[in-house]
Amino acid sequence: ARQTTSQKGKTVMTLTLTDRDLELLDVLTLRVRLLTLRQVTELWWPNGENQRCARRRLECLEAAKLIEIHRVNAHPLLPVKSPLFAWQPGDTEPDCEQLAERCRERWNKPAVPMTVCVASSLAANLLGSTAYGVPHRDHRNHDLRLASVYAAYRLQRPQLAALWVGEHGLPKAGHRIKDPDAFLRSKDGRVVRVIESAGRYSEPQVQSFHDHCEANSLSYELW
């Protein structure tokens, strides 16, 4: 439900948040940095509604200063079929040179416009996150890839998706330590798996990420 009132000549909007609204805000602050309009529709309006329904509700949340809607140019979303590489303690080390080549060669199409939504600073502060605002242009493909993986987890492996916590919802690991993009954490705090969006990682970046996970006995998926 939405109401508008007037105070000293100013229009003030109050919005009653639904469970779906709260879940969306939780995802944008504590799971991933952004979602496309299509992903929002697929996750929360799956019963045949078109994107207009999702767009109208997002506009209400934006008017309430809880999210921002942006039109950005980015590489077309890559399909989510299987990770580039998956590893767990005891497995053979990856061929980092080959993985880096696979990371780079998949970004081979021109950018296209797409509508995305992100948390506002107000929502991030309320939910204890550092994630708000549209990511810098250099990070958008990386963050969109992670969002695609998260959306696939929610649709195909919802029990694991419920364990997903993004790096911006946790304290930093330490100075100059690369925090993995997301953790799957059990209720007792145990890390089940680490999820990393590889973007255009170079060979040293792949090696550094693997070394960090190996040193901390972290199973991971590199997407």
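The values are calculated or read from the model by the stated rules, or taken from the named source; none is laboratory data. Because the structure is predicted, anything quoted here is derived from the model rather than measured. With ideal geometry, Cβ positions are generated from the backbone for all residues, glycine too; neighbour counts draw on all protein chains shown. When the accessible area is computed, the model is the full protein with side chains, heavy atoms only, and any ligands, DNA or RNA have been set aside. Shrake-Rupley method; radii C 1.70, N 1.55, O 1.52, S 1.80 Å.
Can you list which of the trypsin sites (Lys or Arg not before Pro) found in the range 123-223 are DSSP loop residues with at most 15 other C-beta atoms within 10 Å?
Details: sites: 137, 140, 145, 154, 172, 176, 178, 185, 187, 190, 193, 200; in loops: 172, 176, 178, 187, 190, 200.
Of the trypsin sites (Lys or Arg not before Pro), the ones in loops of the range 123-223 whose Cβ has at most 15 other Cβ atoms within 10 Å are 172, 176, 178, 187, 190, 200.
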For the chain the mean separation of alpha carbon contacts under 8 Å (6+ apart) over residue count, i.e. relative contact order in percent, is 25
Any idea which of 51, 130, 170 is furthest toward the positive side of the dipole for the chain, if Lys and Arg beta-carbons carry +1 and Asp and Glu beta-carbons -1?
-> 51
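Give the total of Lys-Lys pairs in the chain with Cα-Cα distances below 23 Å; include a pair only if its members are 8 or more places apart or on different chains.
Working: 8/65; 10/65; 81/109; 172/187.
The number of close lysine pairs in the chain is 4.
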Simple Cβ-charge dipole of the range 123-215, Lys/Arg +1 and Asp/Glu -1, about Cα centre, in debye nearest 20 | 280
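Using just the alpha carbons, could you tell me how many Å³ per residue the convex hull of the range 59-120 encloses?
Numbers: hull volume 8.6 nm³, N = 62.
Roughly 139 Å³ of hull volume per residue.
Which percent of the accessible heavy-atom area of the chain goes to carbon and sulfur, probe 1.4 angstrom? Can you show the working numbers first?
Numbers: 5920 of 12450 Å².
On the chain, the fraction of accessible area on carbon and sulfur atoms equals 48 percent.
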Over the Cα atoms of the range 131-223, how large are the radius of gyration and the largest Cα-Cα distance (Dmax), in Å?
-> 13.2, 37
What is the magnitude of the charge dipole of the chain about its Cα centre, with +1 placed on the Cβ of each Lys and Arg, -1 on the Cβ of each Asp and Glu, and no other charges, expressed in debye to the nearest 20?
-> 1100
Accessible area expressed per residue, the range 1-159, with surrounding protein chains retained (probe 1.4 Å, Å²) = 58
Relative to the Cα centre, what is the charge dipole magnitude of the range 46-92, using +1 at the beta carbon of each Lys and Arg, -1 at the beta carbon of each Asp and Glu, and rounding to the nearest 20 debye?
-> 240
With Cβ to Cβ distances under 14 Å as the rule, what net charge do the other residues near residue 70 carry (K, R +1; D, E -1)?
-> +1
Starting from 0 in steps of 10 Å, tell me what percent of the Cα-Cα pairs of the range 26-104 lands in each bin.
-> 13, 33, 26, 18, 9, 0
Dimensions in Å of the range 21-170 - Rg and Dmax from alpha carbons | 16.2, 51
Please report how far the C-alpha centroid of the range 16-74 lies from that of the range 145-169, rounded to the nearest whole angstrom.
-> 16
